[in-house]
Amino acid sequence: MSANHDDHHQAPDGHGRALRLGIGGPVGSGKTALVAALCRSLGPSMRLGVVTNDIYTTEDADFLRRAGVIDADRILAVQTGCCPHTAIRDDIAANLDAVETLEERFGPLDLVIVESGGDNLTATFSRGLADRQIFVLDVSGGDKVPRKGGPGVTAADLLVVNKTDLAPMVGADLTVMSRDAAKVRDGKPVLFTSIREDKGAHSVAEWVVGIVDAWHHQHAHTV
Amino acid sequence: MHGDMAMLLLADSRLPAGGHAHSGGAEEAVRVGAITGPEDLARFLRGRLATAGVVTAALAAAACELGADPAQERWRRLDAEADARISSPAQRDASRTQGRLLVRTTRRIWPSEALDSLAAAVPDGAHHPVALGAAAAAAGCEPRQAALAAAYTSVTAPATAAVRLLGLDPVLVHRLLADLAPALNDAAHEACVIQADDWSSLPAHAAPALDLLAEQHLRTEVRLFVS
């Protein structure tokens, strides 16, 4: 199984629609904070939509709405029936429905972010749902996590290691994390962030701008 | 001809059509203490099959028959028959959501006039049993196979949800499902005795407890399942 979407030419209906970016990772690693940060950084220049996959009701969607970083109507919440990974990998119907609803209501959009419910290291997005994906870890999970790998860590288009501000407190060695991640990711990018200190997650936002530009270039709107 | 295989695919909980997020009232029944273990669950499933299961199966059978010679106006009428048989607004919403996702998925698996015309007739989502029957027709099923698939999923969804929510022994729960085999046949039989064009006489069994659970569920703060 690979989450690397180098063969996205096969993805259906790529033309005239927004890039779909999946953001996954374990519970508490900062996925929702990253989505909020990206909305802050990219909102002024991009037409955005957000789909959240909550474990309980609409917790993450509510957080984003309260944060006021994006028009509340542009956030849709999907419920996952105890199985967050099922909703982004094995049965993506509800998520596709939400993504297309946003595109119909507010389109054309530049970027639709799909945030997964917090899950384990094996959870990745189906390529039928996400064109690209980011996997978010945090340093407090321990600096061994990148070495352990798993499809999220090894195959995501971008690995984000968040909460670097906590590294000294939890005894996490960022050099070790960086070295191990590079080893298992075969050259794909890794970014270290502290979203608490950098509310716009600027390095990640810059990466996203790059993939959105490339997507537009490749799938120029024909409508 | 290919109806058996199609029926299995449609009844499989792995069909990627959003069904995994629905508990058929089981989540709320667990929350309020109506399902606490295998005995309660067995009663819940039996009751659900005899009420909502039969209604669902009959609508699916009628839709499967209509799918052989579809017309938008007739889809709207059958969908209205389904609407009239689901008294809880929460259940109506859940049914339409599942129907919309099922049509989205099955149109790609079995491209057909039956599903295209249903999607055009009820663009916001036909009721789930109507969509299931249309998909069954598109896939080459007979009405009885559509009824069986509908009745079957009406009990497997809450059974699976109860396993997840209560940590019940999954083998024991499958035994409960196996015990329902005669009741499942009866439900499919009852669903298929209706004559074509007499939709007003389709079964309309009420299940007030399920209606109340669905309405309460919508107002419960912490929910894992959509319904």
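For the reader, a short list of remarks on this structure follows.
- The single condition among (1) out of contact with any Phe, Trp or Tyr (no Cβ under 7 Å at 6 or more places or on another chain); (2) under 26 Å from A:R74 (Cα atoms) that A:Q133 does not satisfy is (1).
- Answer from B:R104, B:R108 - the residue that is open to solvent by 40 Å² or more (accessible area, probe 1.4 Å), without any contact (Cβ under 8 Å) to a residue 24 or more places away in the chain, within 14 Å of chain A (Cβ to nearest Cβ) and of a type in the set (K, R): B:R108
- Those helices (runs of 4 or more DSSP H) of the range A:58-157 in which at least 3 residues are open to solvent by 40 Å² or more (accessible area, probe 1.4 Å), considering only elements entirely within it, cover A:59-67, A:93-106.
- Within the range B:15-45, being within 15 Å of the chain's Cα centre (by Cα) and farther than 29 Å from B:A80 by Cβ holds for no residue.
- Tally of residues being within 14 Å of chain A (Cβ to nearest Cβ) and farther than 12 Å from B:G25 by Cα across the range B:174-223: 4
- Here the range B:111-135 is the region considered, the condition is being open to solvent by 10 Å² or more (accessible area, probe 1.4 Å) and not in a helix (DSSP H, G or I), and the residue that is farthest from A:L96 (Cα to Cα) is B:S112.
- The set of residues in the range B:23-35 being within 11 Å of another protein chain (Cβ to nearest Cβ) and either out of contact with any helix residue (DSSP H, G or I) (no Cβ under 8 Å at 6 or more places or on another chain) or open to solvent by less than 10 Å² (accessible area, probe 1.4 Å) (or both) consists of B:S23, B:A26.
- Count of the range B:51-84 residues which are over 10 Å from the mean Cα position of the chain (by Cα), open to solvent by less than 50 Å² (accessible area, probe 1.4 Å) and under 15 Å from B:R96 (Cβ atoms): 6
- Unmet criterion (only one of (1) away from chain A (no Cβ under 14 Å); (2) open to solvent by 40 Å² or more (accessible area, probe 1.4 Å); (3) of a type in the set (S, T, N, Q)) for B:Q145: (2)
- Yes/no for A:A205 being open to solvent by less than 40 Å² (accessible area, probe 1.4 Å), farther than 22 Å from A:I88 by Cα and part of a helix (DSSP H, G or I): yes
- The set of residues from the range A:41-54 being surrounded by fewer than 18 Cβ atoms within 10 Å (Cβ to Cβ) and in contact with a Gly (Cβ under 9 Å, 6 or more places away or on another chain) comprises just one member, A:R47.
- The range A:160-203: number of residues that are under 15 Å from A:L34 (Cα atoms) and small (G, A, S): 4
- When B:H2 is tested against (1) touching a residue at least 40 places away in the same chain (Cβ under 8 Å); (2) farther than 23 Å from B:P143 by Cα; (3) away from chain A (no Cβ under 14 Å), just one condition goes unmet, and that condition is (2).
- Across the range A:158-168, the qualifying residues are those that are without any contact (Cβ under 8 Å) to a residue 60 or more places away in the chain and open to solvent by 20 Å² or more (accessible area, probe 1.4 Å), and the one among them that is nearest to A:G25 (Cα to Cα) is A:T164.
- Pick from the range A:46-72, criterion at pLDDT 95 or above and more than 14 Å from the chain's Cα centre (by Cα), ranking: farthest from the other protein chains (Cβ to nearest Cβ): A:M46
The values are calculated or read from the model by the stated rules, or taken from the named source; none is laboratory data. Quick caveat: nothing in here was measured; it's all calculated off a predicted structure. Neighbour counts are summed over all protein chains in view; Cβ atoms, including those assigned to glycine, are modelled from backbone coordinates with ideal geometry. Accessible surface is based on the protein model in full, side chains and every heavy atom, while ligands, DNA and RNA are left aside. Shrake-Rupley method; radii C 1.70, N 1.55, O 1.52, S 1.80 Å.
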